[in-house]
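Below is one structure, written out as structure tokens; the observations come after it.
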Amino acid sequence: SLLDGVPNALPALLKAYRMTQKAAAVGFDWQRPGDVMAKIHEEVHELEVEVEGMKGDPSPEARAEMGDVLFVMANLARHLGVEPETALQSSNEKFQRRFGHIEAAARADGRQVKDLTLEEMDRLWQEAKASE
């Protein structure tokens, strides 16, 4: 298979990106990023349906739909020329910085993060975001 050249050891997001590169090279691809966005909306809707019916742990169907959303997101990244692992790592670092601001503000006030209200945490998040 054309996809056999994609190493199984790759992180799943990068593997999805590389598989869609290989498929696109032989013409199995959407024409425009907007077409991929439409597919994302479709997959998110299917996930919403599964989530609405959840009563506890995610069902196999919900897990599958979540995977489909992530797979199509990797495909969109390829269409946009964005390497998804790098983009996600950047977002992880941004989250860590902003959450660190929340933690530091709580400590400065003699509190723990778990004792803050969601509104307080959101205000501190927005503070961190504005300072970047």
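The values are calculated or read from the model by the stated rules, or taken from the named source; none is laboratory data. All values derive from a computational prediction rather than experimental measurement. Cβ: placed from backbone, ideal geometry, glycine included. Neighbour counts: every protein chain shown. Remember, those area values only see protein heavy atoms, side chains included, never the ligands or the DNA or RNA. Shrake-Rupley method; radii C 1.70, N 1.55, O 1.52, S 1.80 Å.
Of the accessible area of the chain, computed with a 1.4 Å probe over protein heavy atoms only, carbon and sulfur atoms account for 56 percent. Considering only G53, G81, G110, the mean-square fluctuation computed in a Gaussian network model of the chain, springs between alpha carbons under 10 angstrom, is largest for G110. Placing dummy labels 7 Å off each Cα toward the beta-carbon, the span from L10 to N92 is 1.7 nm.
Can you classify the stretch 1-73 as rounded, prolate or oblate using the Cα gyration tensor, where a ≥ b ≥ c are the square roots of its eigenvalues, rounded means a/c under 1.5, and otherwise it's prolate if a/b beats b/c and oblate if not? Because a/c hits 1.5 or more and a/b fails to exceed b/c, the stretch 1-73 counts as oblate.
Straight-line reach from K55: which aspartates and glutamates fall under 17 Å, measuring Cα to Cα and dropping same-chain residues less than 8 apart? Partners found: E46, E65.
Magnitude of the charge dipole for the chain, about its Cα centre and with charges confined to Cβ atoms of Lys, Arg (+1) and Asp, Glu (-1), is about 540 debye. Using a cut-off of 29 Å between Cα atoms, the listed pairs K39/K94; K15/K39; K15/K114 include K15/K114 as exceeding that distance.
Relative contact order of the stretch 1-106: what whole-number percent is it, with Cα pairs under 8 angstrom and at least 6 residues apart? Don't skip to the answer; put the middle values down first.
Numbers: 67 pairs, mean separation 34.2, N = 106.
Once normalised by length, the contact order is 32 percent.
Here r is the Cβ-Cβ distance between A104 and V69 and R0 is 35 Å; the resulting FRET efficiency, rounded to 0.05, is 0.60. The orientation-averaged projected area of the convex hull spanned by the Cα atoms of the stretch 51-111 comes to 6.6 nm².
Over the chain, with a Gaussian network built from C-alpha contacts below 10 Å, which listed residue (A16, A108, A24) shows the highest mean-square fluctuation? Checking each option, the largest mean-square fluctuation is seen for A108.
With the helix formula -39500 (n - 2.57) applied to DSSP H stretches of n ≥ 4, the chain reaches a computed 222 nm mean residue ellipticity of -24500 deg cm²/dmol. Computed with a 1.4 Å probe over protein heavy atoms only, the accessible surface of the chain comes to 68 Å² per residue. Loop-resident chymotrypsin sites (Phe, Trp or Tyr not before Pro) (DSSP state other than H, G, I, E or B) in the stretch 1-74 with no more than 16 further Cβ atoms inside 10 Å of their Cβ: F28.
Using only Cα atoms, locate the centre of the stretch 85-132 and the centre of the stretch 1-16, then give the distance between them in Å, rounded to an integer. A separation of 34 Å, based on Cα centres. In straight-distance terms, cross-link reach from K22 covers every one of the aspartates and glutamates whose alpha-carbon lies under 20 Å from its own, apart from those fewer than eight places away in the same chain; here that gives D4, D35, D68, E83, E85. Exposed loop sites were defined as trypsin sites (Lys or Arg not before Pro) in DSSP loop states (anything but H, G, I, E or B) carrying at most 15 other C-beta atoms within 10 Å; in the chain the longest segment without such a site runs 56-110.
Put a dot 7 Å past the Cα of V82, heading toward its Cβ, do the same for K129, and the two dots end up 1.6 nm apart.
Within the stretch 75-129, which GluC sites (Glu not before Pro) sit in a loop by DSSP and count at most 10 neighbouring Cβ atoms inside 10 Å?
Numbers: sites: E85, E93, E103, E119, E120, E127; in loops: none.
When the GluC sites (Glu not before Pro) of the stretch 75-129 are filtered for loop state and at most 10 Cβ neighbours within 10 Å, nothing remains.
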